[in-house]
Amino acid sequence: MKLAENWVDYKVLATGDGEKLERWGNITLLRPDPQVIWHTKSDLTKTKGLDAHYKRENTGGGHWEYLKKIPEEWVISWQGLKFSIKPMGFKHTGLFPEQAVNWADMTNLIKNAKREIKVMNLFAYTGGASIVCAKAGASV
């Protein structure tokens, strides 16, 4: 397993009880994560500096509970690229930072190919991979 360790503007701060506490630039969010099946030692909702918490509803979906006023949208960067972050009504933020490990691999493959690379991103949900590939020199 590879970890996306080359982030400056993003960090997982803590996980537990089905939630993930993350720092996105200077904004701290707590979001559900169904893969987090272990318990936490402390109540993540009581984290000092927490800006917003996405709360699931029993009927499906959920909503953001804002504990502080935060921008509707803000920018974080990775390897010189800038990404717009915007909390959505279904817990997403517009970016999957764990994909940075794949972005780094794609960048290396493209830069070391010694030939023209063309990429068609069939899963361009956020556009992150497309932007990374274009920056690396691929025709996207």
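The values are calculated or read from the model by the stated rules, or taken from the named source; none is laboratory data. Predicted model only: the values in this text are computed from it and were never measured. Neighbour counts are summed over all protein chains in view; Cβ atoms, including those assigned to glycine, are modelled from backbone coordinates with ideal geometry. Just the protein is used for accessible areas: all its heavy atoms, side chains included, with ligands, DNA and RNA removed. Shrake-Rupley method; radii C 1.70, N 1.55, O 1.52, S 1.80 Å.
One table, with the values for the structure above:
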quantity: Criterion (over 18 Å from Lys11 (Cα atoms), in contact with a Ser or Thr (Cβ under 8 Å, 6 or more places away or on another chain) and either modelled with pLDDT of 95 or more or open to solvent by less than 40 Å² (accessible area, probe 1.4 Å) (or both)) met by exactly one of Lys68, Lys118, Lys86; calculated: Lys118
quantity: Only listed residue being acidic (Asp, Glu), open to solvent by 50 Å² or more (accessible area, probe 1.4 Å) and closer than 24 Å to Leu3 by Cα, chosen from Asp43, Asp33, Asp105; calculated: Asp105
quantity: Matching residues, the stretch 72-83, being in contact with a strand residue (DSSP E or B) (Cβ under 9 Å, 6 or more places away or on another chain), in contact (Cβ under 8 Å) with a residue 40 or more places away in the chain and open to solvent by 40 Å² or more (accessible area, probe 1.4 Å); calculated: Val75
quantity: Residue in the stretch 1-28 that is farthest from Trp103 (Cα to Cα), counting only those that are of a type in the set (D, E, K, R) and assigned to a loop (DSSP other than H, G, I, E, B); calculated: Asp17
quantity: Residue in the stretch 31-65 that is nearest to His92 (Cα to Cα), counting only those that are part of a loop (DSSP other than H, G, I, E, B) and of a type in the set (D, E, K, R); calculated: Asp33
